[in-house]
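Everything on this sheet refers to the single structure shown next.
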Amino acid sequence: GPVAILDELYVRPGLRGRRLGSALLAASCELVRGRGGALLEINVDGEDTDARRFYESRGFTNTEPDGTEPMLYYYREL
């Protein structure tokens, strides 16, 4: 379908800083796009500021267009 959900993306602390998470996320986006998907959703805990910052810096948002209230998941059109 047009929407995919990334359930978990986790890089062990000792391996962070090597852009592995960025590479995995980019590969996920390409896989979804290649299968005809138009949107990738990711659930993020509200208090997980590191994950929120990670996804936001890669083009994901947690507010709908023209919306003001944050959602409980991030999404990005592909």
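The values are calculated or read from the model by the stated rules, or taken from the named source; none is laboratory data. Please read these numbers as outputs of a predicted model, since none were measured by experiment. Ideal geometry is used to build each Cβ from the backbone, glycine not excepted, and the neighbour counts take in all protein chains shown. Only protein heavy atoms, including side chains, enter the accessible area calculation; ligands, DNA and RNA are left aside. Shrake-Rupley method; radii C 1.70, N 1.55, O 1.52, S 1.80 Å.
The residue of the stretch 23-41 that is farthest from Y73 (Cα to Cα), among those that are assigned to a strand (DSSP E or B) and of a type outside the set (D, E), is L39.
Among the residues of the stretch 53-78, the ones that are of a type in the set (D, E, K, R), over 19 Å from A4 (Cβ atoms) and modelled with pLDDT under 90 come to 2 in all. Residue count for the stretch 23-38, restricted to those that are surrounded by 12 or more Cβ atoms within 10 Å (Cβ to Cβ) and over 10 Å from the mean Cα position of the chain (by Cα): 6. Residues that are in contact (Cβ under 8 Å) with a residue 12 or more places away in the chain and within 16 Å of E8 (Cβ to Cβ) within the stretch 32-50 comprise V32, L40, E41, I42, N43, V44, listed in sequence order.
Scanning the stretch 1-22 for residues that are farther than 17 Å from F60 by Cα and either open to solvent by less than 60 Å² (accessible area, probe 1.4 Å) or not in a loop (DSSP other than H, G, I, E, B) (or both) returns V11, P13, G14, L15, L20.
So which residues in the stretch 57-77 are outside any loop (DSSP other than H, G, I, E, B), open to solvent by 50 Å² or more (accessible area, probe 1.4 Å) and farther than 14 Å from C29 by Cβ? Scanning the stretch 57-77 gives a single hit, Y73. Among the numbered criteria (1) modelled with pLDDT under 95; (2) open to solvent by less than 50 Å² (accessible area, probe 1.4 Å); (3) part of a helix (DSSP H, G or I), which one does D50 miss? The failed condition is (2). Restricting the first member to the stretch 1-14 and to residues that are over 13 Å from C29 (Cβ atoms) and free of Cβ contacts under 8 Å to residues at least 24 places away in the same chain, and the second to residues that are in a helix (DSSP H, G or I) and open to solvent by less than 70 Å² (accessible area, probe 1.4 Å), the beta-carbon pairs closer than 7 Å and six or more apart or on different chains are V11/G21.
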